[in-house]
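Inspection log for the structure reproduced underneath, given as structure tokens.
The values are calculated or read from the model by the stated rules, or taken from the named source; none is laboratory data. Model, not experiment: these values are computed from the prediction. Note that each Cβ is placed from the backbone with ideal geometry, even for glycine, and that neighbours are counted across all protein chains shown. The protein model used for the area step is the full one, side chains on, heavy atoms only, and it has no ligands, DNA or RNA in it. Shrake-Rupley method; radii C 1.70, N 1.55, O 1.52, S 1.80 Å.
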Amino acid sequence: MPKVAMAWDEGISQLSAGAMRYVLERRLGLPVTPIRSQRLGGADLEDYDVVIVPEGTPDRAIVRNLDQFVRDGGVLVAIGRSLGAFSRGDSPLLAVKREAGLGLDLSSPEGEGSGLAEASAIESEAEYRERIRNQQALPDTLPGALLNVVGDPNIFLSAGYDDGAVVNATGSAIYTPLDRANGINAIRFASAQDLIASGYVWGQNQRQMAFKPYLMAQPSGQGVTIGFVHDPSTRAYLDGLDLMIANAVLVAPSRIR
Amino acid sequence: MKSGLLRWFVLGWAALCAAMGVAVPAQAQSFLDGTFDPAIPTATETLGHAPGANITSPTEMLAYMRALEKAAPDRLRIVKYAETWEGRPLHYMIITAAENMANLDAIQADLATIAAGRAGNGAALPVTWLTYSVHGNEISSTDAALTMAYHLLAAKGDARTDQILRDSIVILDPLQNPDGRARFVNRFRAATGIVPSGDRQSAEHDEPWPSGRVNHYMFDLNRDWFTLSQPETRGKVKAIREWNPVVVSDIHEMGGDNTYFFSPAADPISPQITEAQRRAYEIIGRNNAAYFDAMGQPYFTREVYDLFYPGYGDTWNTHHGAIGSTYEQASARGLVFDRRDGNTLTYRDGVRNHFMASFATAEAVAQNAQRFLADFADYRAANAGGAAGRGAYVIDLATRRWNAESLGRRLAAQGITVLRQGRAASVCGRSYPHGYLAIPQAQPAARLVRALLDRNTELPRDFVAEQEARRGEDLAHELYDVTAWSVGLMSGVDVAECGSAVSGETLSATAPIAPVAGGAGDFAIAVPWTDSGQARLVALALREGFEARVTDEAFTSGGREYPRGTVVFPAGTNDEGALSASGSSSPTRSALRPRGSPPAGSRMAPIWAAPALCASPCQRSRWPGTKAFRN
């Protein structure tokens with residue numbers, strides 16, 4: 001059976017690491033070997049088939065070592081916030097970007113040259129509000145809602161979810177879809193009108209999250225990086241997603257031979 | 001650090017007074033003045049320090065509890081209710097007057113009758129359930145629980161204490177998270193020097209990973225009450241359902257620069273909480289306030305800590321009919337803490353405050369015993385009679401079977417009546433060929449049923465409007481936790497709301513989930529990829545060394561459809577006898593009986609049993625059209 005390692009210790013969310021380990025070990029029966037983050041950047045991972053990085057901020061050494069691990073034929077499963085580290089740089093393991101809030105103008109120029117700002121007259125409260133808006137802002141933070149997702153039927157990662165699934169989404173992370181040249185959006189959020197299964201979602205987030213990826217997979221070298229935009233193991237109460245986790249951890253290693 | 005000389009002096013003095021038959025004033029042993037029975041061992045005698053002078057470890061706590069029980073077995077009973085992953089025991093303490101303790105079974109039985117929505121026989125007394133340290137680094141709560149136990153047993157001639165013991169039963173769960181507290185205490189003691197530091201940056205305050213907050217699996221146990229994933233949770237839920245408390249206070253700590261919080265809670269309040277319950281919070285709140293005002297200690301209510309998510313200790317218990325609260329004390333996260341306002345917060349301050357709130361709460365219940373009991377009885381009876389609805393939630397056993405069966409048992413384990421219809425049946429215009437589970441709304445725990453099984457729980461309109469307004473100003477929202485948790489959706493099962501009569505046997509929480517076996521076939525055993533039980537079976541089989549293939553397309557065999565992702569254990573490459581035996585002994589086996597060759601046109605890939613990354617090409621699928629990862 002696949003040998004599974006998991007990033008552990010400083011820089012990794014204890015709740016995310018614990019929940020994923022619990023689901024894999026106690027619900028699915030798969031042993032997991034934690035490797036401390038301080039060690040992971042230089043660890044010899046040849047014996048492992050899968051490395052899981054729970055929510056967190058893995059450092060550059062870890063990203064480099066796991067990049068090599070994937071190219072050598074390993075499966076990297078990145079969860080939630082840790083997607084940030086694996087999507088940065090020139091040849092990221094996940095060629096996606098985090099989106100800014102909807103309706104913002106990222107190209108807003110700063111003042112240049114003279115040191116004086118261009119003259120303007122603000123004529124309304126609404127215009128004032130637009131002027132003071134943080135144009136680099138992320139989408140508003142979701143306290144947490146249950147959202148509908150849809151699977152791509154042509155990839156094993158969505159096996160068991162031909163009728164879709166319900167996932168938990170929290171926070172402000174919304175990622176661009178993976179380009180077909182780079183990989184597959186194995187599971188994505190439903191359309192805006194079908195998105196909400198339960199709970200409260202800010203209107204802009206509902207529009208912005210539609211069709212965006214939930215579970216993505218990008219091959220690199222001999223291996224693959226699998227990213228869950230939101231943690232499927234959270235609180236061990238999304239047991240409806242156990243098959244999705246099993247697809248990524250139990251099945252995936254055999255699919256890249 | 002304790003001085004050996006000081007301890008000797010204190011013990012000597014106490015012994016002298018006891019020998020003279022004088023009840024030792026011993027103000028240092030409780031935070032309320034009074035006269036105390038020297039026969040009841042004090043913290044100083046047993047632990048070597050006064051309450052709040054040191055942070056008691058789980059082992060030390062239990063030793064003190066045992067000493068108290070030994071001294072007062074007629075008024076204190078310790079009950080073990082669970083064991084942690086790391087093997088530490090969890091106990092609660094029942095404390096009441098001797099005459100009540102002698103009549104405990106009858107009281108408990110009458111409470112159960114009332115909880116079932118039926119009329120009692122007068123034997124019942126209200127149970128005040130005070131539960132501490134669900135987060136292991138929220139430390140002053142446990143020492144407050146020990147002081148509370150001491151005070152209730154030792155206070156002499158104190159009318160308030162006498163009333164609490166006579167007119168109620170106090171149950172203290174002093175430590176919901178022993179593994180977490182042990183982790184904190186060990187690290188704290190390792191880091192503390194000859195003088196404790198108040199600098200929040202010092203190692204003794206700055207916990208390494210993982211913090212003491214969480215249990216062995218790093219779970220926040222105060223989100224787990226309805227999920228029951230952890231042994232600590234399962235044990236305490238079972239214990240609470242055996243005692244049917246009318247008031248539950250869950251005693252926590254918060255940031256050290258803060259003050260004290262007790263109920264009434266902040267918005268949003270769950271729509272499943274009744275008006276009568278909201279009024280009852282005021283009784284407890286006012287008594288807590290009186291004690292804090294007398295101490296001159298600041299506090300706040302109605303801000304930050306809400307009552308919306310049902311997985312907290314306060315909300316979950318409230319949905320069973322108790323008045324469930326969270327109390328929060330600013331944490332010294334050590335023995336001493338330098339606050340930003342220039343003051344110093346000590347561990348003892350926290351222990352004192354939590355003791356006061358514990359005592360004030362128990363007193364409020366005892367002073368209003370009949371009211372709390374009557375409210376609880378009315379609540380349970382009204383729900384049983386359909387006050388929260390008369391329909392039922394019907395869960396199809398044909399969809400994600402294992403998850404549905406498991407969910408049913410988790411609901412049963414938390415005091416919800418679940419019916420299981422094992423045969424093909426039709427209800428509300430739908431046919432259920434594999435049967436169903438039904439959860440009727442007309443039952444005493446109806447509010448918990450609604451909170452968990454309703455597809456959606458609406459936030460109060462004015463609260464939503466306020467949050468949207470805040471968003472417009474780029475301010476953070478004020479929701480403490482998630483807005484959705486419908487358990488049917490989270491388990492991936494099919495839940496329908498039905499108004500007609502449903503049938504079935506009452507499901508026991510401990511009933512095993514029956515395997516669905518179709519026997520082994522000539523070609524293979526196939527495990528459809530349809531529920532958590534199947535995934536677990538595959539994992540266990542791979543651990544045993546069986547070889548497997550996974551299908552990429554749905555196929556039909558023996559008149560039955562198998563979805564893509566079905567895992568096949570070919571008989572040819574596996575020891576057939578062992579495979580069948582393994583399958584039939586597994587609790588979640590699901591197999592079929594295909595015959596002959598694999599389904600025509602099927603495409604399968606291997607799931608290998610070999611443990612390492614292959615240096616040479618791994619075993620490839622025998623069947624044509626193996627799907628490589630790249631499309």
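Could you check, for the stretch B:286-308, whether at least one of its residues is of a type in the set (A, V, I, L, M, F, W, C) and on the phi > 0 side of the Ramachandran plot?
Within the stretch B:286-308, one or more residues are of a type in the set (A, V, I, L, M, F, W, C) and on the phi > 0 side of the Ramachandran plot.
For B:Trp485, work out the one condition from (1) assigned to a loop (DSSP other than H, G, I, E, B); (2) within 14 Å of chain A (Cβ to nearest Cβ); (3) modelled with pLDDT under 95 it doesn't fulfil.
The number of the failed condition is (3).
Quick check on my filter: what residues within the stretch A:177-191 are open to solvent by 30 Å² or more (accessible area, probe 1.4 Å) and more than 14 Å from every other protein chain (Cβ to nearest Cβ)?
Matches in the stretch A:177-191: A:Pro177, A:Arg188.
Taking the conditions exactly as written (among the charged types (D, E, K, R) and more than 14 Å from every other protein chain (Cβ to nearest Cβ)), does A:Arg39 satisfy them or not?
no
Answer yes if at least one residue in the stretch A:150-158 is in contact with a helix residue (DSSP H, G or I) (Cβ under 9 Å, 6 or more places away or on another chain) and in a strand (DSSP E or B), and no otherwise.
Within the stretch A:150-158, one or more residues are in contact with a helix residue (DSSP H, G or I) (Cβ under 9 Å, 6 or more places away or on another chain) and in a strand (DSSP E or B).
Taking the stated definitions as given, is A:Ile62 touching a Pro at 6+ places or on another chain (Cβ under 6 Å), away from every other protein chain (no Cβ under 12 Å) and aliphatic (A, V, I, L, M)?
no
What pairs come out if I take residues in the stretch B:360-388 that are more than 12 Å from B:Thr274 (Cβ to Cβ) and of a type in the set (S, T, N, Q) and pair them with residues that are surrounded by fewer than 23 Cβ atoms within 10 Å (Cβ to Cβ) and at pLDDT 95 or above whose C-beta lies under 6 Å away, six or more apart or interchain?
B:Asn368/B:Ile283
Being among the hydrophobic types (A, V, I, L, M, F, W, C), at pLDDT below 85 and under 23 Å from A:Gly29 (Cα atoms) is the filter here, so list the residues in the stretch B:521-570 that pass it.
B:Ala524, B:Ile525 - these are the residues of the stretch B:521-570 that are among the hydrophobic types (A, V, I, L, M, F, W, C), at pLDDT below 85 and under 23 Å from A:Gly29 (Cα atoms).
From the set of residues in the stretch B:457-472 that are open to solvent by 50 Å² or more (accessible area, probe 1.4 Å) and modelled with pLDDT of 90 or more, which is nearest to the chain's Cα centre (by Cα)?
This residue is B:Glu458.
Give the residue, chosen from B:Ala276, B:Ala322, B:Ala330, that is more than 23 Å from B:Phe376 (Cα to Cα) and either touching a residue at least 12 places away in the same chain (Cβ under 8 Å) or open to solvent by 10 Å² or more (accessible area, probe 1.4 Å) (or both).
After ruling out the rest, the residue left standing is B:Ala330.
Assess whether B:Leu419 counts as being surrounded by fewer than 21 Cβ atoms within 10 Å (Cβ to Cβ), of a type outside the set (Lys, Arg) and without any contact (Cβ under 8 Å) to a residue 40 or more places away in the chain.
no
Can you confirm whether B:Phe546 is surrounded by fewer than 22 Cβ atoms within 10 Å (Cβ to Cβ) and touching a strand residue (DSSP E or B) at 6+ places or on another chain (Cβ under 9 Å)?
Answer is no for this residue.
Run B:Thr233 past the list (1) outside any loop (DSSP other than H, G, I, E, B); (2) touching a residue at least 60 places away in the same chain (Cβ under 8 Å) and report the number of the one that doesn't hold.
(2)
Determine whether the stretch B:473-488 contains at least one residue that is under 20 Å from A:Gly171 (Cβ atoms), small (Gly, Ala, Ser) and open to solvent by 50 Å² or more (accessible area, probe 1.4 Å).
yes
Yes/no matrix, rows are residues, columns are (1) over 21 Å from A:Ser198 (Cα atoms); (2) open to solvent by less than 20 Å² (accessible area, probe 1.4 Å); (3) more than 9 Å from chain B (Cβ to nearest Cβ):
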{"site": "A:Leu138", "(1), (2), (3)": "yes, no, yes"}
{"site": "A:Gly151", "(1), (2), (3)": "no, no, yes"}
{"site": "A:Ile155", "(1), (2), (3)": "yes, yes, no"}
{"site": "A:Ala159", "(1), (2), (3)": "yes, yes, no"}
{"site": "A:Val167", "(1), (2), (3)": "no, yes, yes"}
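If I ask for residues that are open to solvent by 10 Å² or more (accessible area, probe 1.4 Å) and in a loop (DSSP other than H, G, I, E, B), which ones from the stretch B:139-158 would you list?
B:Gly157, B:Asp158
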